[in-house]
2 protein chains.
Amino acid sequence: MRVAVDAMGGDQAPEVVIQGAVRAVDTYQVQVILVGDSSVIEEQLSPMDDIEGIRVYHADEAVAMDDPPLKAVRHKKRSSIKVAFELIKKKEADAVVSAGNSGAILAAGILTVGRIKGVARPAIAGVFPAEKSPVILIDVGANVDCKPSHLLEFALMAEAYASACLGLQYPKVGLLSIGEEGGKGNELVRAARPLFEKNGLNFVGNVEGRHIFKGDVEIIVCDGFVGNVALKLSEGMADAVRNMLNRELDASAQGREFKQMASEALDRFHRALDYEAFGGAPLLGLNCVSVVCHGDASPRAISNAIGLAAKYVDAKLVEKIALKMKGHDVNGSPSLMNEKGSS
Amino acid sequence: MRVAVDAMGGDQAPEVVIQGAVRAVDTYQVQVILVGDSSVIEEQLSPMDDIEGIRVYHADEAVAMDDPPLKAVRHKKRSSIKVAFELIKKKEADAVVSAGNSGAILAAGILTVGRIKGVARPAIAGVFPAEKSPVILIDVGANVDCKPSHLLEFALMAEAYASACLGLQYPKVGLLSIGEEGGKGNELVRAARPLFEKNGLNFVGNVEGRHIFKGDVEIIVCDGFVGNVALKLSEGMADAVRNMLNRELDASAQGREFKQMASEALDRFHRALDYEAFGGAPLLGLNCVSVVCHGDASPRAISNAIGLAAKYVDAKLVEKIALKMKGHDVNGSPSLMNEKGSS
C-alpha cells in the first residue's frame, strides 16, 4: 500500500505533514511517498529515527491555501498536489492525502486522474460521531451552488462509501432542509426531492440540522456551502464546549479533584468531541482514493488520514462507487437497470 | 405592557402556552392576552391560581404546524396568529409571541401590521451564547433563496437590534461563508460582499461556521436556509453533548459522586448549552415587536419569550430598526445620507 502525501499542503506544511507521515508509517502497514520540495523534506526527515517506508518524490511548486484553485492547478504544472495525483496515474501510488487547499485538490484530481463515470461533481463526505451510528454529511465543501442532480450523485456515492467503508448496509438517506415536510426547503431541496424518491435510495425525506447528531438517518445530503458551514460550526462548538467544561471544572476545588478522579470519563467525553481523531474526509468521485485533511491538521490527524486512505483502497471504494453510478443515469432519467443489482 | 400570545401555536398548544403565560405574569411586569379558542383556554385556566394579568381574546381558527403558511393565513381569516397581530393594529397589545408555524407568523404579520419601511424581508435573529459575547445569527429561518440586498437588510436590522437590546455598540458584522477569503463562497455571498463593504457597517468580511461560537464577530449574516440548519444543528449537538456527559458520569461510581459534588459547575455547563433559556428569537422587520418560539417550547421558554418581547418594546426596537433603515436604500444604491447619523 503506497499513499502519496502532499507534503506542501496545509497551514504548517511541510513540518506537520512530515511528522504525520512518520507517525503513519509507524502505525499502519503503509509506504508513504512525500511529494514536495525534496531538499526541504529530506532536511527535516534526516534527524528522525524511523524513516523506513518513507520515500520522497520531488515537486517544484506548491499551491498556497489562498490561491484560486483552478488557476493555480493549471499554472503550477509541477505543484505537489498535481504530482501526487500523477503518481496514481503512473501506478506508483494507490491513494492521495492532502491538507492543502481543497479546491486545488479537487481540480488537480479532476485534471489528472479524472472522475468516475457518471459523476459530474466529486464531493467531500464528512463523518459525524452521532449517538446511534456514524452519520455521513455530504458535501462538506467541494461544491457550492449545486443542481438537484448533483445532490443525487452525492447520495449515491455516499451509499457506496457507507457500505464499503463504514459497514452500513442500505443506509437511510435524508435531504437536509428546514422542516421535515416535503414542501419545505429552498428551491434546490424541493427540486431534488423527486429525484431522491425514484432512484432506489432508502430515502426517508427531509431532515433537519439536529439529525446530524442523532444517527437515525445515516446519510444526510446537502450542497457544499451548507455542509461546510455545518462542519465548521460543529467543530467550533466542540471546541467551545470543551473549553467551557474545563473552565467550570477548574473554577472549583471539587471540579479540579474530579478532573483527576474521573479523568477516564472526561477523556472519553473529550474524545467523542475530537474531530481530529477521524483524521480526514474522503473526496468521493475521483478515479482514485483521496482523503482531504484540515489545513491546520495535527500530525495525528494526518497520520489517521493516511490510515483511512489505505483502508479505503483495501475496501475497493473507487470500484464500488463506479458500480453504484453505473446503475444510475443521474443527469437524465433514472436508469432502468435493476436497483438491487447495483446496491 | 400587553403581550398578545398565540395560544393555539405550538406542538402542545394550548396547554404549554397557557402554562408559559401564567409563569410570565408571575415573573415579569406584563399583561398577557391569550388569543385562541376561548372555551378551551378558559377551561384550562380556571384551575390555576394566578390568573391576574391574563386576558383571553377569542379567535375561531388556528394555523396548523404543517399548513402552507401564506395559504393558511389568507384562508383562515380568524386564526389566532392573525387576530394576535390585529390586537396590535387596534392598539390593544404591544407585542406578539407565538410558538406556531413560523412561516404563518411572518405572513400574518406582513398582512396585518406590515413591514418597516425599507424592509423587503423580515428575518429571525437567533442569539448564540458564544465565549466572548453573544452572537446574532440572522436569518435563522424566515427566508430561503435570498437576494444579496436581503442579506444587507438582515445586517442592518441586526445592528439596530444588537445596539437596542443586547448593548452591543457598533458590532462587528461578518458574512457566513466557507472560507475567509473574499473570493470564496457561493454566488449569493460573493454578490452580497460588495454591498456590505459600502454601507457603513463594521464589516469584517467572510466568517466561517466556527465563528458562531467564538464571539469575536457579533453579527453573522446568512440566508434563512443556512441559518436554520445551523440553529438546529447546534441545538441537536447541545442535546447530544449533555446526554453524552451524563452517560459518561453515570457509568462510574466516581462520576456519580461527582455529579453531586460539583453539581454547580455542571449546572452552569448545562445552562450554557440550554437554548431554551433565551426563550425565543425576535422576528425583525415587522411594524411591531414579535418573538418566535420553537414549536416544542416549554412553559419556561414561552415565559422567557414573553419577557423578551416586553423588554424589546421598552427598548423601542421597532423605532430603532426604522431609523436604521431610513439611512439606507437597500434595494438600490447605498443612500447618500450621513452614515454616522443613522448608526
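Numbers at a glance
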| quantity | calculated |
| --- | --- |
| Identity of the residue in the stretch B:61-107, over 17 Å from the mean Cα position of the chain (by Cα), within 28 Å of B:Phe278 (Cα to Cα) and among the charged types (D, E, K, R), that ends up modelled with the lowest pLDDT | B:Asp66 |
| Failed criterion for A:Val32 (all others in (1) farther than 14 Å from A:Asp6 by Cβ; (2) modelled with pLDDT of 95 or more; (3) of a type outside the set (Asp, Glu) hold) | (1) |
| Only one of B:Ile88, B:Ile105 that is in contact (Cβ under 8 Å) with a residue 40 or more places away in the chain, buried (at least 24 other Cβ atoms within 10 Å of the Cβ) and under 21 Å from B:Ala24 (Cβ atoms) | B:Ile105 |
| A:Val221, sole failed condition from (1) within 7 Å of chain B (Cβ to nearest Cβ); (2) under 28 Å from A:Phe154 (Cα atoms); (3) buried (at least 22 other Cβ atoms within 10 Å of the Cβ); (4) not charged (D, E, K, R) | (1) |
| Residue list for the stretch A:49-94, filter: closer than 16 Å to A:Ser290 by Cβ and of a type in the set (Phe, Trp, Tyr) | A:Phe85 |
| Residues of the stretch B:120-154 that turn out to be facing chain A (nearest Cβ under 10 Å), small (Gly, Ala, Ser) and either closer than 14 Å to B:Gly174 by Cβ or assigned to a helix (DSSP H, G or I) (or both), as a count | 1 |
| Residue check for A:Val113: more than 28 Å from B:Asp67 (Cα to Cα) and assigned by TED's automatic domain parsing to the domain that holds A:Lys82 | yes |
| Flag if A:Gly227 is modelled with pLDDT of 95 or more, within 14 Å of chain B (Cβ to nearest Cβ) and not in a strand (DSSP E or B) | yes |
| Search result, residues across the stretch A:27-48 that are without any contact (Cβ under 8 Å) to a residue 60 or more places away in the chain and in a helix (DSSP H, G or I) | A:Ser38, A:Ser39, A:Val40, A:Ile41, A:Glu42, A:Glu43, A:Gln44, A:Leu45 |
| Which listed residue is in a helix (DSSP H, G or I) and within 14 Å of chain A (Cβ to nearest Cβ), from B:Ala160, B:Ala104 | B:Ala104 |
| Selection status of B:Gly20, part of a helix (DSSP H, G or I), crowded, with 18+ Cβ neighbours inside 10 Å, in contact with a helix residue (DSSP H, G or I) (Cβ under 8 Å, 6 or more places away or on another chain) and at pLDDT below 95 | no |
| In the stretch B:254-276, the residues that are of a type outside the set (A, V, I, L, M, F, W, C) and within 30 Å of B:Val292 (Cβ to Cβ) | B:Asp267, B:Arg268, B:His270, B:Arg271, B:Asp274, B:Tyr275, B:Glu276 |
| Residue in the stretch A:111-119 that is touching a residue at least 12 places away in the same chain (Cβ under 8 Å), away from chain B (no Cβ under 14 Å) and of a type in the set (S, T, N, Q) present | yes |
| Where a residue in the stretch B:152-164 is over 13 Å from B:His328 (Cβ atoms) and touching a residue at least 40 places away in the same chain (Cβ under 8 Å) and its partner, wherever it lies, is in a helix (DSSP H, G or I) and not basic (Lys, Arg), with Cβ under 6 Å and at least six apart | B:Ala164/B:Leu317 |
| Hey, A:Gly126 within 16 Å of A:Leu308 (Cβ to Cβ) and surrounded by fewer than 23 Cβ atoms within 10 Å (Cβ to Cβ) or not | no |
| Residue match in the stretch B:227-246 (condition: acidic (Asp, Glu), out of contact with any Cys (no Cβ under 8 Å at 6 or more places or on another chain) and without any contact (Cβ under 8 Å) to a residue 60 or more places away in the chain) | yes |
| Residues of the stretch A:100-111 satisfying the condition of being out of contact with any strand residue (DSSP E or B) (no Cβ under 9 Å at 6 or more places or on another chain) and either under 18 Å from A:Phe225 (Cα atoms) or not aliphatic (A, V, I, L, M) (or both) | A:Asn101, A:Gly103, A:Ala107 |
| The stretch A:264-275 residues that are facing chain B (nearest Cβ under 7 Å), paired with ones that are not in a helix (DSSP H, G or I) (beta carbon under 7 Å, 6 or more apart) | A:Ala265/B:Ala251; A:Ala265/B:Ser252; A:Ala272/A:Pro129 |
| Boolean, A:Ala251 is out of contact with any strand residue (DSSP E or B) (no Cβ under 9 Å at 6 or more places or on another chain), surrounded by fewer than 23 Cβ atoms within 10 Å (Cβ to Cβ) and facing another protein chain (nearest Cβ under 7 Å) | yes |
| A:Ala130 being touching a helix residue (DSSP H, G or I) at 6+ places or on another chain (Cβ under 7 Å), more than 19 Å from A:Leu283 (Cβ to Cβ) and modelled with pLDDT under 95 | yes |
| Subset of the stretch A:49-101 [assigned to a helix (DSSP H, G or I) and not aliphatic (A, V, I, L, M)] | A:Pro69, A:Lys71, A:Arg74, A:His75, A:Ser80, A:Lys82, A:Phe85, A:Glu86, A:Lys89 |
| Matching residues in the stretch A:1-30 - criterion: being among the small types (Gly, Ala, Ser) and in contact with a strand residue (DSSP E or B) (Cβ under 7 Å, 6 or more places away or on another chain) | A:Ala4, A:Ala7, A:Gly9, A:Ala21, A:Ala24 |
| Long-range neighbours under 6 Å by Cβ, at least six apart or interchain, first residue polar (S, T, N, Q) within the stretch B:131-145, second not in a loop (DSSP other than H, G, I, E, B) | B:Asn143/B:Gly224 |
| Selection status of B:Ile178, touching a residue at least 60 places away in the same chain (Cβ under 8 Å), of a type in the set (A, V, I, L, M, F, W, C), touching a Gly at 6+ places or on another chain (Cβ under 9 Å) and buried (at least 21 other Cβ atoms within 10 Å of the Cβ) | no |
| Residues being farther than 16 Å from B:Ala230 by Cβ and either touching a strand residue (DSSP E or B) at 6+ places or on another chain (Cβ under 8 Å) or not small (Gly, Ala, Ser) (or both) - total across the stretch B:161-188 | 16 |
| Answer from A:Gly174, A:Gly200, A:Gly185 - the residue that is assigned to a loop (DSSP other than H, G, I, E, B) and within 14 Å of chain B (Cβ to nearest Cβ) | A:Gly185 |
| Candidates B:Gly236, B:Gly295, B:Gly307 - the one that is in the same structural domain as B:Asp66 (by TED's automatic domain parsing) and out of contact with any Asp or Glu (no Cβ under 7 Å at 6 or more places or on another chain) | B:Gly307 |
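Here's the yes/no breakdown for (1) at pLDDT 85 or above; (2) more than 30 Å from B:Leu111 (Cβ to Cβ); (3) acidic (Asp, Glu):
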| position | (1), (2), (3) |
| --- | --- |
| B:Leu266 | no, yes, no |
| B:Gly279 | no, no, no |
| B:Val292 | yes, no, no |
| B:Pro299 | yes, no, no |
| B:Ile302 | yes, no, no |
| B:Asp314 | yes, no, yes |
| B:Val318 | yes, no, no |
| B:Lys326 | yes, no, no |
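The values are calculated or read from the model by the stated rules, or taken from the named source; none is laboratory data. Please read these numbers as outputs of a predicted model, since none were measured by experiment. Ideal geometry is used to build each Cβ from the backbone, glycine not excepted, and the neighbour counts take in all protein chains shown.
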